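Below you'll find the structure, written out as structure tokens, and then a few comments.
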Amino acid sequence: MKYQFINDVIALSSVEGNFYIELINSNVVRFTRDLSHASRVLSLAREAPRYSLKEGDGFLDIIGETFSLRVFENFYVDFMNKDGQNLLTETSYEEDECFPRGDNTLAAKEGHIVSGGEDYAFIHSYSLREGMHFYGLGDHTGPLDRLGYEKINWNTDYPQAHEDDVKSLYKSFPFCLISSKNGYFGIYLDNTFKSVFNFGVDERTFYFGATAGTDDHYFIYGPSPKDVVSRFTSFAGRLPLPPRWSLGNQQSRWSYPSKKSVEDVVAGYEKADIPLSAVNIDIDYMVGYRVFTVDETRFPDLSDFSSSLKKKGIRLIAILDPGLKVDPDYDVYASFVDNHLVAKENGKTYVNAVWPGDSVYPSFNDPKAREKWGEYCARVLSKGVSGLWCDMNEPASFKGPLPLDVDFAGESHAEIHNLYGYYMAMATYEGMRKFSSERPFVITRACFAGVEKYSVIWTGDNQSNWSSLQMSLPQMLNLGVSGMPFLGTDIGGFGGDCPAELMCRWIEFGAFSPFMRNHSCAAARFQEPYRYDDKTKAIYRKWVYFRYRLVPYLYDLFYEHSQNGLPALRPLYLEYPDDPSVSNLNDEFMLGESLLVAPVLSSGTLVRSVYLPKGVFYPFFGGEGKKGESYYAEKCPLDECLIYAKAGAIIPLYPSMTKNLDLEPEELVLKAFPGEGKYLHYQDNGTDFAYEKGEYNLYSIINHDGVVSVSLLHKGYRGYKRIRVVSPNGETFISLP
Ligand code: GLC
């Protein structure tokens, strides 16, 4: 087998052509057919790890520090763990093939959802082994374990119900986390064209590939799932610390079309005594849906209005749509078109339609377009808006899909499509970073892997039905292991009318959702909590208040994410990777490593089964410890959500009745559970970037069976006045120097 070195890369050649293998570090290896292909989203820190090569008859062994590879003359690759046990065996590599084979055209014409039937530029297939489970791949619907499903990465505005068999939704994360009996590992396909991941739908194989572009992919070794996620996010990027207020409760609707309607929302919340941290204003704040305009007749003196809301701890978040209305008198349109910063077709400005009617599409992949967009963001920011919500950025198009050859600054739509939302989020983030001293808060609907560097996400237009609620949990868990920690679904559901019982169960789950926003469609019933009956209102109030208590714990989880890339909301296998009972557990999750939550996700359910993994777990609000590796039938009345703390857990809480996150409480409560445990608590001003200059505190907390001690590992910020410890031993106060 012929090979040579090009710098640190092993370059193989055979009748099959050229194939390059690059060990990025001792746990990550890249395979590419074109060494000059540059990643759109990864920032690789190459470490030149040690490895040795051994030539065999028709193969080359590459033996690294933690894994080894056997590469055959046809470039098929076997991937082994450090004990030489198999993780993955490649069974075929095909170029320019239609997958799956067979003609589905007729079925597709009749409107059935058909598998692929696409021409793929390349497809890698691997044998599917007993005990394999597949996770990640972003917000695709379906169960936690994707075994038996095929998903297509092609960002799609999908207003119909997001059932489990839907192939494409708004986002593309061509990254999957695979569990095998010999350890966990990840695969990232570094290709932005339409791609497929087929997790054993047919022939007992698992395959992935893309319709065009370079075959460039990575294997990321574990052996634990946390190792894989951490390694992937170290390259794809991590969310910078969010503003503290963004962890509060948000209310939205398509639309609150006037200042008066926003005032009514605030008054409704105040009257119902439910904390509120932000109101999202949808497309009707603009003049004829022209992005970066504000209709002054409906929103007079927006700056004064936003500052009066801010005094109450309530922020405004404004929606931005990418489509610029074709209107020569509209300066944003004119300046993007005049500067050639929009998509073109055959050399002419490309026009499709979105909310404003005929519209043009900024080429966000062009840094000049991003810069201009950022400058326009300043217009909305100058009105006191604290967050920007990027929508319709698949991009959506009402006059049929954009042709694949539409030209975005010299690059084809086929290549840019899946990146469109990613670049729009980047442009918006950079605009906020430049024109505001506060931490940016950007929300996006469409995106690509790595978008967490710039934005949080929500899962788009779900429905006010039980299946949407059920699905949102595995959806969020799979997004989390794909690198996205700050996320949520429209609480109460977007399309349709949310009944009271569903609203109660949704807020009980929504209270743990990092992005906590109730949002609904113009055609749906008014869904603000204060519009419901007293019982529903009381349940909503209870869980929003509980959420505000949890904010320091959530904030710690974001600090943790910034250090190791792990999500706040975790599938149980992330914490208990060897427990076969949790490999496809769709209705429980961990919040960090200490809390296990089992929400009720179906109607009429007042008792549910809960699986507790290894260890002892304590009901959060009091009660005897329960031994793990067992199932329990637990009562769960309408106003309850089951929460358990791991033995030895320490949970930092704000005092009860906290409601304004701009006013940092003077007291921190540490709730300590029986057992031994340790915990790191992070604190800063929650608003700007002073923490980058050391203005933060880091507390080390130790729990010896309810006896808690606290020490400061880093002191750079004013501390709490009091730390109150609540444990089975009673209440004590800790004062720090
Ligand atoms: C899209 C968004 C939705 C928004 C609506 C109007 O459907 O997904 O959240 O309310 O557009 O802007």
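Derivation of every value follows stated rules applied to the coordinates shown; laboratory data play no part. Just so it is clear, the model here is predicted, and its values are computed rather than measured. All Cβ positions, even for glycine, are placed from backbone atoms using ideal geometry, and neighbour counts span all protein chains on display.
Please give the peptides 658-666, 556-564 ranked by average Cβ packing (other Cβ atoms within 10 Å per residue), highest first, as a rough proxy for protection.
In descending order of packing, they fall as 556-564, 658-666.
Within segment 652-679, list the residues whose amide N lies under 18 Å from a label point set 7 Å along Cα→Cβ of S307.
The answer is none, because no backbone nitrogen lies closer than 18 Å to the label point.
So which of K259/K312; K348/K383; K537/K626; K310/K535; K226/K671; K151/K325 end up more than 24 Å apart, counting from Cα to Cα?
Numbers: K259/K312 16 Å; K348/K383 35 Å; K537/K626 32 Å; K310/K535 30 Å; K226/K671 26 Å; K151/K325 33 Å.
Listed pairs above 24 Å: K348/K383; K537/K626; K310/K535; K226/K671; K151/K325.
Checking the cross-link filter: which aspartates and glutamates have an alpha carbon closer than 19 Å to that of K627, excluding same-chain neighbours under 8 positions apart?
Reachable aspartates and glutamates: E575, D578, D579, E588, E593, E676, D705.
Please name which of Y717, G387, L247 has its Cα lying farthest along the dipole of the chain towards the positive end, using unit charges on Cβ (Lys, Arg +1; Asp, Glu -1) and the Cα centre as origin.
Working it through, the farthest residue towards the positive pole turns out to be Y717.
Just subtract the alpha-carbon distance of V15 and D202 from 0.36 nm times their residue separation and send over the number in nm, one decimal.
64.4 nm
Could you give me the percent of Cα pairs per 5 Å distance bin for segment 444-568, shortest bin first, beginning at zero and ending with the bin that holds the maximum distance?
Bins of 5 Å from zero give 2, 12, 20, 22, 20, 13, 8, 3, 1 percent of pairs.
If you count, for each residue, the other Cβ atoms within 10 Å and average over each peptide, how do 182-189, 724-731 line up from highest to lowest? Working shown, then result.
On the way: 182-189: 24.6, 724-731: 14.2.
Per-residue Cβ counts within 10 Å, averaged per peptide and sorted highest first, yield 182-189, 724-731.
When the Cα atoms of segment 45-183 are enclosed in a convex hull and the volume is divided per residue, what value in Å³ results?
Each residue corresponds to 153 Å³ of Cα convex hull volume.
What do you get when you divide the Cα radius of gyration of segment 164-293 by 2.2 N^0.38 Å, with N the number of residues?
Against the compact-globule rule of thumb, the ratio is 1.58.
On average, how much area does the Cα convex hull of segment 544-631 cover when viewed from any direction, in nm²?
6.8
May I ask you to derive the FRET efficiency for A523 and A500 from their Cβ-Cβ distance with R0 = 22 Å, giving the value to the nearest 0.05? Present the calculation step by step, with values, prior to reporting the outcome.
Numbers: r = 19 Å, r/R0 = 0.87.
Step by step, r from the Cβ atoms, then E = 0.70.
Could you derive backbone 3J(HN,Hα) for segment 11-23 from the dihedral phi with the Karplus parameters 6.51, -1.76 and 1.60 (θ = phi - 60°), listing whole Hz in sequence and x where the residue is Gly or Pro?
Computed from phi, the couplings for segment 11-23 are 9, 9, 9, 7, 4, 6, x, 10, 8, 10, 10, 10, 7 Hz.
How would M476, M1, M657 line up from fewest to most surrounding beta-carbon atoms within 10 angstrom?
Ranked by crowding around the Cβ, least crowded first: M657, M1, M476.
Report, ordered by chain and residue number, the aspartates and glutamates lying within cross-link reach of K399, taken as a straight Cα distance under 14 Å and ignoring same-chain residues fewer than 8 apart.
D157, D358
Sorted from largest down, give the three principal axis spans of the alpha carbons of the chain, whole angstrom values.
Result for the chain: principal-axis Cα extents of 74, 68, 52 Å.
Show me the ranking of peptides 482-491, 88-97, 226-235 by mean Cβ neighbours inside 10 Å, starting with the highest.
482-491, 226-235, 88-97
Taking 7 Å along the Cα-to-C-beta vector as the label spot, tell me the Y631-S412 distance in nanometres, rounded to one decimal.
5.1
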